[in-house]
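To start, the structure under review is shown below, and the notes come after it.
The values are calculated or read from the model by the stated rules, or taken from the named source; none is laboratory data. Note that the structure is a prediction, hence the values are computed from the model and not measured. Note: ideal-geometry Cβ built from the backbone for every residue, glycine included; neighbour counts use all protein chains shown. Each accessible area value is taken on the protein alone, full model and side chains, heavy atoms only, with ligands, DNA and RNA left out. Shrake-Rupley method; radii C 1.70, N 1.55, O 1.52, S 1.80 Å.
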Amino acid sequence: MADKKGTYYITTPIYYPSSNLHIGHTYCTVMADAMARFKRLTGYDVRFLTGTDEHGQKIQTIAEEKGVSPQEYVDGVVAGIKDLWKTMEISYDDFIRTTEDRHVKRVQAIFNKMYEKGDIYKGEYEGLYCTPCESFWTESQLVDGCCPDCGRPVQKAKEEAYFFRLSRYEDQLIDLLENTDFLEPESRRNEMLGFIRQGLDDLCISRSTFDWGIPVPIDEKHVIYVWLDALTNYITALGYPDDPELFEKYWPVDVHLVGKEIVRFHSIIWPAMLMSLEIPLPKKVLGHGWLLLEGGKMSKSKGNVVDPVKLIDRYGIDALKYFLLREYTFGQDGVFTNEVMLKRMNYDLANDLGNLLSRTASMIEKYNGGIVPDATTEDDIDRDLKAIAVGAANKVEAQMDKFAFNMALEEIWIVIRRANKYIDEKCPWILARDEAKKAELDTCLHNLAEVLRIVSILIYPFMHTTSDKIRKQMGLWYADVVWEDAMEFEMMYQEQVKKGEAIFPRLDIEKELAELEEMQKAGSEPEEENIPLELKPEIEYDDFDKIDFRVGLIEKAEKHPKADKLLVFQVKMGTERRQIVSGVAEDFTPEEMVGQKVIVVANLKPRKLRGLESKGMLLFAENGKRCEIVTTTAPDGEAVN
Ligand code: MSP
């Protein structure tokens, strides 16, 4: 192992356990995992944190619908998330759940600190609220009058709440974004600066309309609203504020890896909170792009998510990880298609890497009894191969410093493709026919073995299982994977090679495409949506209680003599008979209404409609186009509650 180069703390967003995770979440976690493994291999003392963001109205509502407590609900989903990370061999050092005691008590301590400092105060919040997203929006942020995140309707809402004095930190935030490389990609920086320059409102950090959250320590009617609860996970998991050991060791964090939609929270709200707490700021917030489907964004409610588990079952963890890291450019959106994935798996993994290993292992078995021979000759082709192979590690490292996973892998594949070309140039099968060329043949086989040894080190952070398989076949099972060894040639000495199964079987793309499509169709029943209705303002129970609903029997119905749209009904309720006029002549004939038992608002103040008195109102279900009659079999005159 290399000398320790210092600490490296990396985090993913903490995911909402509202439902199972899809390939988009997997993408972020796979990148963080590859980086954590890379840093460990290159000599850093790494801490890799992930977790789940478990509070809020949405979770509470889902749990209620399922008839379980929110805690029971999240426990179930979180167990599934942990299983997924286990299956994918995600090497996190800590998994924080915001419902854990350690987090709850530390968030409360943080709240108190900010409150005592005067950065938290009580006020009243009024805004347009999107329940599924748990977000208040301003009028100007709405898109077509709906939530800009999910496109669903918003409702006016007002509540007493605690606020964080975000506005106090405007100048410091501008300075941070203008004068440091705290936020990347750079394009995001200008967007955020523009946002701050419009003026920052103080941030509402509590709610009293639901209770699934961490209680505000000074006022138990309120729970702490999601962003103060969520963002602080990055420090509460390190023990802040009461247990300084890990915090002092790993803070400030090296990288918060986040999707582009939450860059704003991480580059404005989060640093302001840390400024308030007077603790150092993150070294970097890195926003990555989204994985899209051809039809647009992946969404559980649209039923178009790609399930990573199914792909892993079929193609293996390493193939999926490789594809995600190789195909997409960090910071940009990318489209996920089965075809692109299958092609990558076939061309890069089965053809390039798989073939290099199987050809090399079989030739060493066939031409040298399975023992890696020594190299005693060298020509320009050998020198070229060697130079490319030993030079790759530094190039990979340079790409990883930029989070350019795809380019890091490309550097490795340059070596792999060069080695395949080397086989074609050297034609070992021809050298083998001539005793006089034995030394040249030995060099060729030796060099190929060396390249595979180097490749097994280079790919280790991205695909460690494949690396292990290569090392096993090349007789290197006994040696540790050491990054610096990828910069050396001539490290192999008479290892015993044993050809194994193909590490990546060739796929029949047409057949796979058809089967995947079938599979994805079968598993893509859209989830039932739960979009709150757009309603008139809430009324008090007492208001409702003023209305007297009764069952009424329509004894007689006729057209209004002066209005085409109105019908005039004679309605019996108990022993009382009265006239009610309704605007339903376009939907019903008088004949079909006679004999129906309907629900009547019986204590509505009488009024005249085109000259005829109407005493009460009949209830109809209506969708703005057509009315449906609401009937009952209860005796007329009976109260409806
Ligand atoms: N709980 C908040 C984050 C709080 S962090 C203090 C949250 N959770 S989430 O479950 O919605 O996860 C969001 C993250 O998942 C994104 O930021 C991104 O990293 C990842 N992705 C979710 N869908 C994605 C895609 N379709 N494509 C790529 N990444 C995606 O927001």
Checklist entry - Within the bounds of segment 202-221, is there any residue that is within 16 Å of the ligand (Cβ to nearest atom), farther than 23 Å from ALA36 by Cβ, open to solvent by less than 10 Å² (accessible area, probe 1.4 Å) and of a type outside the set (Lys, Arg)? => result yes
Checklist outcome for this item: Those residues of segment 257-268 which are among the β-branched types (Val, Ile, Thr) and near the ligand (Cβ under 10 Å from one of its atoms) amount to VAL258, ILE262, VAL263
Checklist entry - Residues in segment 349-367 that are open to solvent by less than 40 Å² (accessible area, probe 1.4 Å) and over 26 Å from PHE462 (Cα atoms): how many? => result 2
Checklist entry - Of everything in segment 408-420 that's hydrophobic (A, V, I, L, M, F, W, C) and surrounded by 16 or more Cβ atoms within 10 Å (Cβ to Cβ), which residue is nearest to ALA387 (Cα to Cα)? => result VAL415
Item to check | Residue satisfying condition, being farther than 17 Å from TYR240 by Cα and away from the ligand (no atom under 13 Å from the Cβ), within set ILE59, ILE90 | outcome: ILE90
Checklist entry - Does LEU431 satisfy the condition of being crowded, with 23+ Cβ neighbours inside 10 Å and out of contact with any strand residue (DSSP E or B) (no Cβ under 6 Å at 6 or more places or on another chain)? => result no
Checklist entry - Considering segment 12-27 alone, what residues qualify as being near the ligand (Cβ under 7 Å from one of its atoms) and farther than 16 Å from MET88 by Cβ? => result PRO13, ILE14, TYR16
Checklist entry - Is there any pair linking a residue in segment 255-281 that is open to solvent by 30 Å² or more (accessible area, probe 1.4 Å) to one that is in a strand (DSSP E or B), with Cβ under 7 Å and at least six apart or on different chains, and which? => result LYS260/GLY287; LYS260/HIS288
Next on the checklist: Against the conditions (1) among the aliphatic types (A, V, I, L, M); (2) at pLDDT 90 or above; (3) more than 29 Å from THR50 (Cβ to Cβ), where does LEU183 fall short? Just the number, please.
Outcome noted: (3)
Checklist outcome for this item: For segment 28-56 the number of residues that are at pLDDT 95 or above, within 16 Å of the ligand (Cβ to nearest atom) and not polar (S, T, N, Q) is 14
Next on the checklist: For the structure I just gave you, tell me whether ILE423 is free of Cβ contacts under 8 Å to residues at least 60 places away in the same chain and either surrounded by 16 or more Cβ atoms within 10 Å (Cβ to Cβ) or assigned to a helix (DSSP H, G or I) (or both).
Outcome noted: no
Next on the checklist: Looking only at residues that are part of a loop (DSSP other than H, G, I, E, B) and modelled with pLDDT of 95 or more in segment 481-493, which one is nearest to LEU448 (Cα to Cα)?
Outcome noted: PHE489
Checklist outcome for this item: Of those in segment 4-37 that are charged (D, E, K, R) and assigned to a helix (DSSP H, G or I), the residue least open to solvent (accessible area, probe 1.4 Å) is ASP33
Item to check | Filter result (within 21 Å of PHE95 (Cβ to Cβ) and among the β-branched types (Val, Ile, Thr)) within segment 57-75 | outcome: ILE59, VAL74
Checklist entry - For residues in segment 235-250 being within 11 Å of ILE279 (Cβ to Cβ) and open to solvent by less than 20 Å² (accessible area, probe 1.4 Å), which is nearest to the ligand (Cβ to nearest atom)? => result ILE235
Next on the checklist: Restricting to segment 62-73, and then to whatever is within 16 Å of the ligand (Cβ to nearest atom) and under 16 Å from PRO132 (Cα atoms), can you tell me which residue is farthest from the chain's Cα centre (by Cα)?
Outcome noted: PRO70
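Table: residues versus (1) open to solvent by less than 40 Å² (accessible area, probe 1.4 Å); (2) part of a strand (DSSP E or B); (3) hydroxyl-bearing (Ser, Thr, Tyr).
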residue	(1), (2), (3)
VAL581	yes, yes, no
VAL584	yes, no, no
LEU604	no, no, no
PRO635	no, no, no
Checklist entry - Among the residues of segment 440-456, which ones are farther than 23 Å from VAL482 by Cβ and among the charged types (D, E, K, R)? => result GLU440, ASP442
Item to check | Yes/no for THR377 being within 30 Å of LEU286 (Cα to Cα), part of a loop (DSSP other than H, G, I, E, B) and open to solvent by 40 Å² or more (accessible area, probe 1.4 Å) | outcome: no
Item to check | Members of segment 412-431 that are under 31 Å from the mean Cα position of the chain (by Cα) and farther than 15 Å from TRP483 by Cα | outcome: TRP413
Next on the checklist: Between a residue in segment 162-188 that is over 19 Å from LYS260 (Cα atoms) and any residue that is open to solvent by 60 Å² or more (accessible area, probe 1.4 Å), which pairs come within a Cβ distance under 6 Å, given they are 6 or more apart or on different chains?
Outcome noted: TYR162/LYS122; PHE163/TYR121
Next on the checklist: Quick check on my filter: what residues within segment 145-176 are modelled with pLDDT under 85 and under 29 Å from the mean Cα position of the chain (by Cα)?
Outcome noted: CYS147, PRO148, ASP149, CYS150, GLY151, ALA157
Checklist entry - For segment 606-618, which residues satisfy the criterion of being more than 13 Å from LEU567 (Cα to Cα) and surrounded by 17 or more Cβ atoms within 10 Å (Cβ to Cβ)? => result LYS615, GLY616
Item to check | Which numbered condition GLU622 misses (of (1) closer than 28 Å to TYR541 by Cβ; (2) in contact with a strand residue (DSSP E or B) (Cβ under 6 Å, 6 or more places away or on another chain)) | outcome: (2)
